[in-house]
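Notes to accompany the following structure.
No lab work stands behind these numbers, since they all come straight from the coordinates. No experiment lies behind these values; they were computed from the predicted model shown. In this analysis, Cβ positions are derived from the backbone assuming ideal geometry, glycine residues included, and neighbour counts consider all displayed protein chains.
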Amino acid sequence: MINDHRQPMTDVRRIGDLTLWLVVVGRWSVVVALCFLAGCAITPAQSIDQAPAGGGSFSPEAVAQSFFEDLDNALHDQKLADEQQRGAWVERLAGYFAPNERDDQRIALRTALDSFTAGRDKLEPNEDLKLELKIDRLEQVEQTGDHALIRPVNGVIYVLITRTTSAGTQNLYEETVPLEKIIGNNGMVPVLRIGRSWYLTEG
């Protein structure tokens, strides 16, 4: 919600631009939700060289957790505004998907990270963006052969944009959204086993 209904329309437009990346990727709704992910082991100083390698994992829960953590690191990368750095993160994140889906996911992830960066750059020097994902745990709720579904239990996303002036700190935008409302599919994340490894998939 917007806390101050009297704020100038230019503020509303900038905030709208910043949150536009919530819906820019319509092809796979899970990607949109994951681009919110921040707050899981936040390490703002971590660079891509320190981030875990992308790729499949030994269990459905493990590949989802690794992707979440890696994306969180990307969103907190201080060099994310650099186009080459974003490209490196896109490649790493796309590696968590099934090999035959990676080209499509590169496009989706690049669009999402570009939109996120462009929106964040619209913040004024005295404004700050805070993103948090709060989940109790990741659990496997279904497995049929080589397909499984992972659910973030009690997942919510918190978004806060503030402005600090001599008069104090003002909330420009604040919202808490249940994760299942964003990712759809009853809040489930589909994963696929290929050989001995599990990957994220479009389902």
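Between K79 and D136, what's the calculated FRET efficiency when r is the beta-carbon distance and R0 is 30 Å? Round to 0.05.
0.40
How much length would be gained if the chain were fully extended between V153 and V177, taking 0.36 nm per residue of separation minus their Cα-Cα distance, in nm to one decimal?
Net length gain for the segment: 7.3 nm.
Which ³J(HN,Hα) values in Hz, rounded to whole numbers, follow from the phi angles of segment 111-128 under the Karplus curve 6.51 cos²θ - 1.76 cosθ + 1.60, where θ = phi - 60° and Gly and Pro get x?
4, 5, 5, 4, 5, 4, 5, 4, x, 4, 5, 7, 5, 6, x, 9, 10, 9
Would you mind getting me the FRET efficiency between T165 and D121? Use the beta-carbon distance for r and R0 = 25 Å, nearest 0.05.
Step by step, r from the Cβ atoms, then E = 0.75.
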